[in-house]
Each structure stands twice: as structure tokens, then as C-alpha cells.
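Below you'll find the structure, written out as C-alpha cells, and then a few comments.
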Amino acid sequence: MKQFKAKILINQKIAPGHYTLLFKTPIFKEAVRPGQFFNVKVNDSFEPLLRRPFAACRIYKEKIGILYKVVGKATKILSTRKKGGMLDILGPLGNGFDPKPQSGGPGAAAFLVVGGHGIAPLLALARQFKARSVKFAAFIGARTKKHVVCDKELENLGAKVYIATDDGSKGYRGTVTNLLRKKIPLTANSRLSVIYACGPKPMLKETAKAAKQYGMACRISLEEYMACGIGTCLGCAVKTRSGYKMVCKDGPVFDAREIIW
């Protein structure tokens, strides 16, 4: 982990309320892994006091991209920051996904399951899958078609993309986990495949159930309020089979079987 000043290279709106920001980083001793995050101080004042955590959605040698949604004061401020401005950042933090998804064999695949804004770490993972010629499919869940983001980008990376919306305005009408259950038997040898998921906790719980049903490994990235990012404040504790763990320090990526829902 480093604390560093980062120059903003891009900060642009990509969908209603959604922005992508690219910043320049120092060269880290080890490669940043999909699922790791950065704690960003959105301005130079003490308001807001706390940094905000953002998962890396793009990982380059000296550049990191984040995807964020304007939901409060901090992200509203971040959306106004201009190209060339400087950010105070801590990172990379936490433990990420293993980009080598399966043991191999006929029909093996990786499944990305996305709920809402959970696309960010899985987008970075998808880029590594493409680089390794890994076969993968993506399942995106959203309230309406207006809330679906990055589906075209995933298609361009080689994914077969399935979309579920609550109102049926795009793709399947219903939950993304119900859609996942319909498609798994048709698309892969489930016992050689792995699910990677990020999104709201109820979605992750159902995804873990689906993985167990089909005998699949499942890696999830938990979304919790991570104030300090280093396990000190104890604000992101989650109950696991080996006791309480901190999402920011021990995660945010966990084996779904370890979580006590």
C-alpha cells in the first residue's frame, strides 16, 4: 500500500449518474489485482472528512481507472474534478480475485454476476480473462435499462452478456440470479467453472446458493462501508466460518462458502 498524489487523466460521464475516472499512479512492486480498491480523498478540504473506496475497473502499468456513481456529497464533488487536477490516494488495498478461474477441461467457463454498480471490479477481471483467452459469460442485473452500464464493453471483451431488469425493460424480467440459474446448465460444465460476483448482499447470497446448487466454486466481492480501508476502524466486519473478518483488509473478495449470511 502507498499513499500518493495522482493526476486526473480522465473524468467523464458515461451514463446517467455514472462516471469513469482515470488517474496516474506510481509503479507498484506487485501488480494491482482485480477486486482491490483505492481510498480516494475527493478534495483538499476536511469536508467530507473520510476517503471513499473505489474498486479498480481498469488496470494499467501506471494508470488506474475507477467507475463511480453519484450518490452523495463526496461523489458529487468527485464528479466536478477536472482533468489535470490532483487526488490524494491510498492503495492498492484489500485482496483481489484470482484471475486464473478454473482447473480447465471441456465446457469450463467463468461466470461474472453483476448487481448494479458491482460491475467495476468484474470489468477489470474481464480484461484479464480476455488477455488469457478465458471463456466467460456475464450476467448483469439492474432496476431498468437506464441502469445497465458497461454491457457493450463486456461484449467487446468477448463475453456472452445476459441482462436482467426488474421491470423487463431490457433482457430478462426478474432477478439476475434467477436468470443465472436458467443459463448455467446450458452454457458450461459447472463443476469445472467458477462464479465471480459483486453487488448487493441479497444478490450475493442468492448467487452463493446457485453456486452450491450446481457444485460451482464462487468468489464474491462484498460491498460494505469501508471508512479506513486498513482494518482499523472495524466498521466493515463480516461474520465468517472462521470468525469476524474485515472486508477492507481480509477481503473484499471472499470464498462465498466462508460467509455466514
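Quick notes on this one:
- Failed item in (1) closer than 18 Å to Gly251 by Cβ; (2) within 16 Å of the chain's Cα centre (by Cα); (3) crowded, with 21+ Cβ neighbours inside 10 Å, with Pro200 passing the rest: (3)
- Extreme residue, modelled with the lowest pLDDT, among residues of the range 114-124 that are more than 16 Å from Leu157 (Cβ to Cβ) and crowded, with 20+ Cβ neighbours inside 10 Å: His117
- Hey, Lys170 more than 20 Å from Val194 (Cα to Cα) and of a type outside the set (Val, Ile, Thr) or not: yes
- Considering residues of the range 217-235 that are of a type outside the set (D, E, K, R) and within 14 Å of Glu258 (Cα to Cα) only, the residue modelled with the lowest pLDDT: Ala217
- In the range 130-153, the residues that are surrounded by 23 or more Cβ atoms within 10 Å (Cβ to Cβ) and closer than 20 Å to Lys183 by Cα: Phe136, Ala138, Phe139, Ile140, Gly141, Ala142, Val148
So that you can scan it fast, the table gives a plain yes or no per residue for (1) under 18 Å from the mean Cα position of the chain (by Cα); (2) closer than 29 Å to Cys248 by Cα; (3) free of Cβ contacts under 8 Å to residues at least 12 places away in the same chain; (4) part of a loop (DSSP other than H, G, I, E, B):
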{"site": "Leu123", "(1), (2), (3), (4)": "yes, yes, no, no"}
{"site": "Ala126", "(1), (2), (3), (4)": "yes, yes, no, no"}
{"site": "Lys146", "(1), (2), (3), (4)": "no, no, no, no"}
{"site": "Glu155", "(1), (2), (3), (4)": "yes, no, yes, no"}
{"site": "Gly168", "(1), (2), (3), (4)": "no, no, yes, yes"}
{"site": "Arg181", "(1), (2), (3), (4)": "no, no, no, no"}
{"site": "Ile195", "(1), (2), (3), (4)": "yes, yes, no, no"}
{"site": "Ile220", "(1), (2), (3), (4)": "yes, yes, no, no"}
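The values are calculated or read from the model by the stated rules, or taken from the named source; none is laboratory data. Source: prediction; values computed, not measured. Note: ideal-geometry Cβ built from the backbone for every residue, glycine included; neighbour counts use all protein chains shown.
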